[in-house]
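Taking it in order: structure first as structure tokens, then the write-up.
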Amino acid sequence: MTQTPTPPSTATALPLAHLLPHTAALTADGTLAIGGCDVRALAREFGTPLYVFDQATLEAQCRGYRDAFRAEHAETDVLYASKAFLNRPFARLIAAQGLGFDAVSGGEIEVLRAAGVDMRTVYFHGNNKSADELALAVECGIGRIVIDNSGEVALAEAAARAAGVVQPVLLRVSPGVDAHTHEKTTTGILDTKFGVPIATGAAEAAVRAIAEATHLEFRGLHMHLGSPIFELEPYVLGIEVLAAFIADVCRDRLGVAVPECSPGGGFAVAYLGDQEPPALAAYARAICGTFRREADARGFPMPRLTLEPGRSIVGRAGVALYTVGARKEIPGVRTYVAVDGGMADNVRPAMYGARYEAIAAERPLAPAEETVTIAGKYCESGDILVRDAALPRLHAGELLATPAAGAYQLAMASNYNLAYKPAVVLVANGSARLLRRRETAADLMALDVD
């Protein structure tokens, strides 16, 4: 474990503190610190771009989900959505908090298995699972396969039959509910590639097929409405649709019990200074309260619930650090300030207009002097990280931070322009531990066949 100096805290309020990790503070000379580590020391040791994860924030979010939802419904399991960010040491950290995992590919399953995760706590999702991936999942003793389409019933049955086991499964249904988020991250409406629609009768047919399969055990239903969801109403509406399906179709028409249900994930985090997502307790009351009300009204047992937060566990815990480089001023139009990262490590702004804040990490209390656009270094005009950021005049060589960087940035990173993927460190109590080293030229060429 690498040691870095522990900075004294100050009483001065840190701007955008609600976007930063819980341990974010100022050093004695006014520099940003995370987990007791001065970001300048981290940048000197590990280089930039650098992704810094705060262990205290991660643990607090995991604990927060467990406590908030189990206070409303004791039979609740929390699964970390691996797609937000995953590697072996990170998986071990999350598992140590008592969480299971939502996996969406054979690769994620392999990483979780290699990390020593209890595979009974892993649920396997995906809208186009291959026969090989399903065979791997069954072989690993995966907790649940979440069937996403009607054709997958036969594929899962074949994998379980070949392994000589009875595989527990959930069925992902599309409830036809709009989560009021970006069209590219909305997944619960009728016109989506995910889930078996209830409205068309396809979900009923899929439940019947699973119930008739000799090597599949139908355990319940799953839905996922999209991400990030800043409102509670979509969950309420989705659960009401699920409850009607449980009572009217599964119980009354098919005679099938539904002991488990998942409202999915999609819980929001704040990316901008004026955003305020609901508290975890508010999500818990809305979700568990609606399930209980509907179960009582319709006369079926309250199911065991499974949650799948990813972004809201890891998003705030992560901060991306960049080094400022070139500057381009276009009088009367715009000033661009470039950093040494961009769309190769954070494609979200270019992909679907995601918005971030920017912080002058070495002087976060300095007053704003100008409005600039933070550009990446890659060969695309759309490689913009932050538009119209009010900042002190930035100088080449100083550090810039973007908060709420823990989710989907590294997971969607690429080697565009043959960029090296950044290093990742975990900070706690003044110490920094490398979770992933920076890529090298040898890594870029490791798969070449001469």
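The values are calculated or read from the model by the stated rules, or taken from the named source; none is laboratory data. Everything quoted here is computed from the prediction, not taken from an experiment. Positions of Cβ are backbone-derived with ideal geometry, glycine not excepted, and every protein chain shown enters the neighbour counts.
Look at Val52 and say whether it is under 16 Å from Leu435 (Cβ atoms) and hydrophobic (A, V, I, L, M, F, W, C). Considered against the rule, which asks whether it is under 16 Å from Leu435 (Cβ atoms) and hydrophobic (A, V, I, L, M, F, W, C), Val52 comes out as yes. Taken together, the criteria exclude Asp383 from residues that are free of Cβ contacts under 8 Å to residues at least 24 places away in the same chain and among the charged types (D, E, K, R). Filtered by the rule that a residue be charged (D, E, K, R), in contact with a Pro (Cβ under 9 Å, 6 or more places away or on another chain) and assigned to a strand (DSSP E or B), segment 380-392 gives a lone residue, Arg387.
In the set Tyr283, Tyr235, Tyr322, only one residue is among the hydroxyl-bearing types (Ser, Thr, Tyr), in contact (Cβ under 8 Å) with a residue 60 or more places away in the chain, surrounded by 19 or more Cβ atoms within 10 Å (Cβ to Cβ) and not in a strand (DSSP E or B); that residue is Tyr283. So for segment 286-303 (the condition being under 30 Å from Val241 (Cβ atoms), buried (at least 24 other Cβ atoms within 10 Å of the Cβ) and among the polar types (S, T, N, Q)), does at least one residue qualify? Taking every residue of segment 286-303 in turn, none turns out to be under 30 Å from Val241 (Cβ atoms), buried (at least 24 other Cβ atoms within 10 Å of the Cβ) and among the polar types (S, T, N, Q). The criterion of being touching a residue at least 12 places away in the same chain (Cβ under 8 Å) and closer than 16 Å to Ala203 by Cα does not hold for Ser130.
Among the residues of segment 351-381, those identified as touching a helix residue (DSSP H, G or I) at 6+ places or on another chain (Cβ under 9 Å) and hydrophobic (A, V, I, L, M, F, W, C) are Met351, Ala354, Ala361, Cys379.
Can we say Pro277 is touching a helix residue (DSSP H, G or I) at 6+ places or on another chain (Cβ under 8 Å) and assigned by TED's automatic domain parsing to the domain that holds Val207? Against the criterion (touching a helix residue (DSSP H, G or I) at 6+ places or on another chain (Cβ under 8 Å) and assigned by TED's automatic domain parsing to the domain that holds Val207), Pro277 qualifies.
Evaluate the following for Ala354: is it free of Cβ contacts under 8 Å to residues at least 40 places away in the same chain, of a type outside the set (Asp, Glu) and not in a strand (DSSP E or B)?
It is false that Ala354 is free of Cβ contacts under 8 Å to residues at least 40 places away in the same chain, of a type outside the set (Asp, Glu) and not in a strand (DSSP E or B).
Per-residue answers, yes or no, for (1) buried (at least 16 other Cβ atoms within 10 Å of the Cβ); (2) outside any loop (DSSP other than H, G, I, E, B):
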position: Pro364; (1), (2): yes, no
position: Ala368; (1), (2): no, no
position: Thr373; (1), (2): yes, yes
position: Tyr378; (1), (2): yes, no
position: Leu394; (1), (2): yes, no
position: Ser414; (1), (2): no, no
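The residue pairs whose first member lies in segment 423-443 and is surrounded by fewer than 17 Cβ atoms within 10 Å (Cβ to Cβ), whose second member is assigned to a strand (DSSP E or B) and among the small types (Gly, Ala, Ser), and whose beta carbons are closer than 7 Å, counting only pairs six or more residues apart or on different chains, are Leu434/Ala423; Arg437/Ala423; Arg438/Ala423. Gly64 fulfils the conditions (1) surrounded by fewer than 18 Cβ atoms within 10 Å (Cβ to Cβ); (2) within 17 Å of the chain's Cα centre (by Cα); (3) part of a helix (DSSP H, G or I) except for a single criterion, (1). Per the listing Gly164, Gly143, Gly98, the residue uniquely more than 26 Å from Ala257 (Cα to Cα), at pLDDT 95 or above and assigned by TED's automatic domain parsing to the domain that holds Ile239 is Gly98.
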